[in-house]
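The values are calculated or read from the model by the stated rules, or taken from the named source; none is laboratory data. Keep in mind it's a predicted model, so treat the numbers as computed, not measured. Note that we place each Cβ from the backbone using ideal geometry, even for glycine, and neighbour counts take in every protein chain shown.
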Amino acid sequence: MRIKFTLALLLSFSITYAQKVIPLYPGKAPGSERWTWKEKEMYSDIWQTQVVYNVSEPTLTVYPAPPATANGTSVIIAPGGGFAALSINSEGIDVAKWLNTKGVTAFVLKYRLNHTNSEDPVKELMGIDRKKRDEDNAKLIPMAVADGREAVKYVRAHASEFGIDPGRIGLMGFSAGGTVAAGTAFTYTAESRPDFVAPVYAYTGTLKENTVPADAPPIFLVAATDDQLELAPHSVELYNKWMAAGKPAELHMYTKGGHGFGMRRQYLPSDTWIDRFGDWLEVQGLLIKSSQGNQQNKATPQQMIQRKRESEERFRNDWANLKRYQGENKKLQPPAPNENRVVFMGNSITEGWKRTDSSFFYKKPYVCRGISGQTTPQMLIRFRQDVIDLKPKVVVILAGINDIAQNTGPMTLEETMGNIASMAALAKSNGIKVVLSSVLPAYDFPWRPGLEPAEKVITLNKMIKEHAAKNGYVYLDYFTAMVDDRKGMKKEYAYDEVHPTLAGYKVMAPLAEKAIAEALKK
């Protein structure tokens, strides 16, 4: 299976999928062994959407999260359709693609449906009286709920294949699919227990098992008061049951929205229900990458949300983070007559140096001006205030790794080198000696895996070295002393493949001081 991902950060997000369809059972589904009809698909003029019907062999269709943003969370999605059809787009595929943009892997579940004799399941459904429909559904619902449990069980058993966390598997369902989600939340084993559930305008009238389990998962509920099928009370009842049992629950009840709004655009507040679901996932800590040892996971979900909101606000109003050192710059006195002031300009590797090995900066004319996550265009914008205006004799520039990581969008190595060259030229024109540092080795990025940076780092370093030689700058080679046989950083020198440990900074310190001494002689 080939999966091609194209991620255009900041401006757009598009994914080309190659979906994998997985049979839920190795043979015939238990309880429907004699079903012989075949699954079909058609466009319903009544519902004005594509529908799937006559499902006799349940399947999961996989929508993987892009490797660069995957966080380990997954959601199984059960579309609705009165157990006669599945509204496969607005209550299935469209939801899956939205979840992908949040780094969540999605699985669209086709659970068993009542048999349709005609070629129009929706029209046939509308022609069946309520009593007959309820009788048919009462027989089918236990099988559909069993499909929900089996889906959770399957995804958990194959979590490593999908690159997901077996402890972060959710089940979401719409209308009849909400019955599947709620029914699964009431009846499960350890293997089939969803870690969270999200019934959306769910129907729960025929669920025989409706006692909240002692270890019930958190629940997220959505409905509209003006639901044409009068299902709003079902969501309220679920919410009250979870609250009475002391289990985490969140309910969003919209005044208008009707039934079956899914991902449709109606220009009503209910259109944003999916964003509220995203907020809920974020508060639960389910949008934070679940990899072990990730430094982010030491923070609470609320702290992560606060950091994200602050970062977004700064990104809008102070893209280059000019305010970061404004106060310190004002307090910094002009250099003394014989002071060999040195400014270290960089990103988190530079910023982390002072925090990890403060002795390197102690009682030395060294000024740290690193900002975590920054790319070269951001550094170039703040270069005047954070370097030139401080009137150093030497500037040590360490930049480029976040460009390769696409922190502010895709960039070519030539664009990165151009920004580094511009910073060096500004320094030189203001009488400041220039030290251009090599980019440190990196085998992969923990915050954006899959970009294969190792060879790009080597190529960029070659460009930096050649530019330094051509323009009379000092080239500071950290790379050679810190690289391993994978062309990544030696494990003892980095805690996450990218950021140095104290041992790493102890390797860098004498190399930096030697380069500074060489620059001062020029």
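Observations
To keep it simple, each residue is scored yes or no on (1) closer than 19 Å to Leu221 by Cα; (2) assigned by TED's automatic domain parsing to the domain that holds Ala96; (3) touching a residue at least 12 places away in the same chain (Cβ under 8 Å); (4) of a type in the set (Asp, Glu).
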{"position": "Phe107", "(1), (2), (3), (4)": "no, yes, yes, no"}
{"position": "Ile141", "(1), (2), (3), (4)": "no, yes, yes, no"}
{"position": "Thr187", "(1), (2), (3), (4)": "yes, yes, yes, no"}
{"position": "Ala190", "(1), (2), (3), (4)": "no, yes, no, no"}
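- Residue within segment 445-453 that is assigned by TED's automatic domain parsing to the domain that holds Tyr366, charged (D, E, K, R) and within 28 Å of the chain's Cα centre (by Cα) present: yes
- Looking across segment 248-260, the residues that are buried (at least 16 other Cβ atoms within 10 Å of the Cβ) and without any contact (Cβ under 8 Å) to a residue 60 or more places away in the chain come down to Ala249, Glu250, Leu251, His252, Met253, Tyr254, Gly257, Gly258.
- Among strands (runs of 3 or more DSSP E) entirely within segment 24-82, having at least 1 residues that are at positive phi and not assigned by TED's automatic domain parsing to the domain that holds Leu140 singles out no element at all.
- Among residues of segment 420-449 that are under 21 Å from Lys514 (Cβ atoms), those with a Cβ under 7 angstrom from a residue that is among the polar types (S, T, N, Q) and buried (at least 22 other Cβ atoms within 10 Å of the Cβ), sequence gap 6+ or separate chain, pair up as Ile420/Thr376; Ser438/Asn461; Val439/Asn461.
- The residues of segment 42-78 that are of a type in the set (Phe, Trp, Tyr) and either under 21 Å from Leu113 (Cα atoms) or more than 22 Å from the chain's Cα centre (by Cα) (or both), listed by number, are Tyr43, Trp47, Tyr53.
Residues checked against (1) of a type in the set (D, E, K, R); (2) crowded, with 17+ Cβ neighbours inside 10 Å; (3) under 31 Å from the mean Cα position of the chain (by Cα):
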| position | (1), (2), (3) |
| --- | --- |
| Thr459 | no, no, yes |
| Glu466 | yes, no, no |
| Phe479 | no, yes, yes |
| Lys491 | yes, no, yes |
| Ala494 | no, yes, yes |
| Pro500 | no, yes, yes |
| Glu513 | yes, no, no |
| Lys521 | yes, no, no |
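- Residues satisfying the stated conditions in segment 167-200, i.e. farther than 16 Å from Arg156 by Cα, in contact with a strand residue (DSSP E or B) (Cβ under 9 Å, 6 or more places away or on another chain) and part of a loop (DSSP other than H, G, I, E, B): Ser175
- Total residues in segment 200-231, condition charged (D, E, K, R) and in contact with a Phe, Trp or Tyr (Cβ under 8 Å, 6 or more places away or on another chain): 2
- The one condition in (1) surrounded by 15 or more Cβ atoms within 10 Å (Cβ to Cβ); (2) at pLDDT 95 or above that Ala245 fails to fulfil: (1)
- Pairing each residue of segment 296-323 that is at pLDDT below 75 with any residue that is assigned to a helix (DSSP H, G or I), provided the two are 6+ apart or on different chains, yields C-beta distances under 6 Å for Pro301/Val283; Ile305/Glu282.
- Filtered residues of segment 172-218 (kept if of a type in the set (D, E, K, R) and touching a Pro at 6+ places or on another chain (Cβ under 6 Å)): Asp195
- Whichever residue in segment 338-383 is surrounded by fewer than 22 Cβ atoms within 10 Å (Cβ to Cβ) and aromatic (Phe, Trp, Tyr) and, among such residues, is modelled with the highest pLDDT: Tyr366
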